[in-house]
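Structure, as C-alpha coordinates:
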Amino acid sequence: MIVAFCGHSTYVENVKDEEEVLAVLESRVGELPCEFFLGGYGNFDQFGYGCAKRFQKKHPNARLLFVTPYLSESYARNTEWRQGRFDGVIYPPLENVPPRYAISRRNRWIVEQADLLFAYITHEFGGAYAMYRYAKQKDKEIYQLGNRIQKQKEGS
(Lines give C-alpha, C1' and ligand atoms only; values in the text may rest on other atoms or scores of the structure.)
Protein backbone atom coordinates (compact mmCIF):
# COMPACT_ATOMS: atom_id res chain seq x y z
CA MET A 1 0.00 0.00 0.00
CA ILE A 2 1.20 3.49 -0.84
CA VAL A 3 0.21 6.39 1.40
CA ALA A 4 0.74 10.07 0.58
CA PHE A 5 -0.05 13.49 2.04
CA CYS A 6 -1.16 16.72 0.39
CA GLY A 7 -1.78 19.93 2.21
CA HIS A 8 -1.02 23.60 2.40
CA SER A 9 2.35 24.73 3.71
CA THR A 10 0.58 27.01 6.20
CA TYR A 11 -0.73 24.02 8.16
CA VAL A 12 -0.39 24.22 11.95
CA GLU A 13 0.17 20.81 13.48
CA ASN A 14 -2.15 19.64 16.24
CA VAL A 15 -2.57 16.49 18.31
CA LYS A 16 -6.13 15.80 17.10
CA ASP A 17 -5.02 15.56 13.47
CA GLU A 18 -2.10 13.31 14.40
CA GLU A 19 -4.40 10.99 16.34
CA GLU A 20 -6.83 10.87 13.39
CA VAL A 21 -4.09 10.02 10.89
CA LEU A 22 -2.58 7.32 13.11
CA ALA A 23 -6.02 5.78 13.78
CA VAL A 24 -6.80 5.65 10.06
CA LEU A 25 -3.39 4.13 9.34
CA GLU A 26 -3.94 1.46 12.00
CA SER A 27 -7.36 0.52 10.66
CA ARG A 28 -6.64 0.89 6.93
CA VAL A 29 -3.01 -0.26 6.73
CA GLY A 30 -2.23 -2.11 9.96
CA GLU A 31 0.41 -4.77 9.34
CA LEU A 32 0.29 -4.58 5.53
CA PRO A 33 3.53 -3.63 3.80
CA CYS A 34 3.38 0.13 3.34
CA GLU A 35 5.35 2.88 1.64
CA PHE A 36 4.89 6.54 2.49
CA PHE A 37 5.59 8.81 -0.48
CA LEU A 38 6.62 12.11 1.12
CA GLY A 39 7.57 15.61 -0.02
CA GLY A 40 9.46 18.20 1.96
CA TYR A 41 8.15 21.68 1.20
CA GLY A 42 6.03 22.89 4.06
CA ASN A 43 4.40 22.35 7.39
CA PHE A 44 1.94 19.72 6.19
CA ASP A 45 4.76 17.73 4.59
CA GLN A 46 6.57 17.81 7.93
CA PHE A 47 3.39 16.74 9.70
CA GLY A 48 3.01 13.82 7.25
CA TYR A 49 6.62 12.81 7.84
CA GLY A 50 6.08 12.84 11.60
CA CYS A 51 2.95 10.70 11.37
CA ALA A 52 4.68 8.23 9.03
CA LYS A 53 7.69 8.03 11.35
CA ARG A 54 5.48 7.32 14.38
CA PHE A 55 3.57 4.67 12.41
CA GLN A 56 6.87 3.09 11.31
CA LYS A 57 8.01 2.72 14.93
CA LYS A 58 5.12 0.32 15.55
CA HIS A 59 5.21 -1.19 12.05
CA PRO A 60 8.79 -1.75 10.88
CA ASN A 61 7.55 -3.01 7.49
CA ALA A 62 6.58 0.61 6.65
CA ARG A 63 9.08 2.57 4.54
CA LEU A 64 9.45 6.35 4.34
CA LEU A 65 10.42 7.50 0.85
CA PHE A 66 11.24 11.04 -0.22
CA VAL A 67 9.92 11.73 -3.73
CA THR A 68 12.16 14.35 -5.29
CA PRO A 69 11.06 16.52 -8.21
CA TYR A 70 14.63 17.40 -9.24
CA LEU A 71 17.88 15.64 -10.09
CA SER A 72 20.17 18.67 -10.33
CA GLU A 73 23.52 18.47 -8.56
CA SER A 74 22.75 21.39 -6.23
CA TYR A 75 19.43 19.85 -5.27
CA ALA A 76 21.09 16.47 -4.73
CA ARG A 77 23.49 18.12 -2.26
CA ASN A 78 20.50 19.72 -0.54
CA THR A 79 18.90 16.29 -0.10
CA GLU A 80 21.85 14.79 1.80
CA TRP A 81 20.12 15.58 5.11
CA ARG A 82 17.12 13.59 3.89
CA GLN A 83 19.11 10.40 3.57
CA GLY A 84 19.26 9.97 7.33
CA ARG A 85 15.54 10.64 7.72
CA PHE A 86 14.15 8.54 4.87
CA ASP A 87 14.53 4.93 3.86
CA GLY A 88 15.07 5.93 0.26
CA VAL A 89 14.68 8.58 -2.42
CA ILE A 90 12.52 8.20 -5.53
CA TYR A 91 12.82 10.26 -8.68
CA PRO A 92 9.69 9.89 -10.83
CA PRO A 93 10.02 9.94 -14.62
CA LEU A 94 10.30 13.73 -14.96
CA GLU A 95 13.44 14.04 -17.10
CA ASN A 96 11.68 16.05 -19.83
CA VAL A 97 9.64 18.27 -17.51
CA PRO A 98 10.77 21.91 -17.22
CA PRO A 99 11.92 22.71 -13.65
CA ARG A 100 9.06 25.16 -13.08
CA TYR A 101 6.55 22.31 -13.50
CA ALA A 102 8.53 19.60 -11.71
CA ILE A 103 6.78 19.82 -8.34
CA SER A 104 3.26 19.77 -9.79
CA ARG A 105 4.14 16.86 -12.10
CA ARG A 106 5.77 15.02 -9.19
CA ASN A 107 2.58 15.53 -7.20
CA ARG A 108 0.45 14.10 -10.03
CA TRP A 109 2.77 11.09 -10.20
CA ILE A 110 2.42 10.55 -6.44
CA VAL A 111 -1.38 10.63 -6.76
CA GLU A 112 -1.27 8.06 -9.56
CA GLN A 113 0.74 5.70 -7.35
CA ALA A 114 -1.11 6.30 -4.06
CA ASP A 115 -3.73 4.02 -2.53
CA LEU A 116 -4.55 6.43 0.31
CA LEU A 117 -4.12 10.19 0.49
CA PHE A 118 -4.34 12.36 3.60
CA ALA A 119 -5.35 15.94 2.77
CA TYR A 120 -5.45 19.29 4.51
CA ILE A 121 -7.07 21.78 2.17
CA THR A 122 -8.34 25.18 3.28
CA HIS A 123 -8.70 27.00 -0.03
CA GLU A 124 -9.27 26.22 -3.68
CA PHE A 125 -5.99 27.36 -5.19
CA GLY A 126 -2.31 26.40 -5.07
CA GLY A 127 -0.35 23.22 -5.53
CA ALA A 128 -1.89 21.29 -2.65
CA TYR A 129 -5.39 21.98 -3.94
CA ALA A 130 -4.39 20.93 -7.47
CA MET A 131 -3.03 17.65 -6.08
CA TYR A 132 -6.21 17.10 -4.04
CA ARG A 133 -8.43 17.86 -7.06
CA TYR A 134 -6.42 15.46 -9.23
CA ALA A 135 -6.78 12.73 -6.59
CA LYS A 136 -10.54 13.26 -6.60
CA GLN A 137 -10.58 13.01 -10.42
CA LYS A 138 -8.65 9.74 -10.17
CA ASP A 139 -11.15 8.49 -7.57
CA LYS A 140 -8.44 7.92 -4.98
CA GLU A 141 -9.23 7.15 -1.36
CA ILE A 142 -8.86 10.50 0.40
CA TYR A 143 -9.01 11.14 4.10
CA GLN A 144 -9.49 14.85 4.65
CA LEU A 145 -8.55 16.24 8.04
CA GLY A 146 -11.67 18.15 9.01
CA ASN A 147 -14.02 19.82 6.60
CA ARG A 148 -11.80 22.80 5.98
CA ILE A 149 -12.30 23.90 2.37
CA GLN A 150 -13.42 27.51 2.43
CA LYS A 151 -14.70 29.12 -0.76
CA GLN A 152 -12.91 32.35 -1.60
CA LYS A 153 -15.05 35.49 -1.91
CA GLU A 154 -15.34 37.12 -5.33
CA GLY A 155 -12.50 39.60 -5.82
CA SER A 156 -10.36 38.37 -2.90
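Before moving on, here are some points about what is shown:
- 5 angstrom amide H check on Ile142, placed H, neighbours 5+ away: Leu117
- Farthest toward positive dipole pole in the range 1-77 [+1 Lys/Arg, -1 Asp/Glu at C-beta], among Leu64, Gly39, Tyr11: Leu64
- Placed amide H near Tyr11: partners under 5 Å, 5+ positions off or other chain: Asn43, Phe44
- Accessible-area order (highest first, 1.4 angstrom probe) of the listed residues Lys138, Lys53, Lys16: Lys16, Lys138, Lys53
- Kirkwood Rh, Cα atoms: Rg over Rh of the chain: 0.96
- Residue range of the chain that is longest and free of chymotrypsin sites (Phe, Trp or Tyr not before Pro) which are both DSSP loop and sparsely packed (at most 16 other C-beta within 10 Å): 42-124
- Full-stretch length increase - Ser104, Gln144 - with 0.36 nm per residue and alpha-carbon distance subtracted: 12.4 nm
- Along the chain, the longest continuous region that contains none of the GluC sites (Glu not before Pro) in a DSSP loop with at most 14 other C-beta atoms within 10 Å is 32-94.
The values are calculated or read from the model by the stated rules, or taken from the named source; none is laboratory data. The shown structure was predicted, so the numbers you read here are calculated from the model rather than taken from an experiment. Virtual Cβ from ideal backbone geometry, glycine too; neighbours counted across all protein chains shown. Just the protein is used for accessible areas: all its heavy atoms, side chains included, with ligands, DNA and RNA removed. Shrake-Rupley method; radii C 1.70, N 1.55, O 1.52, S 1.80 Å.
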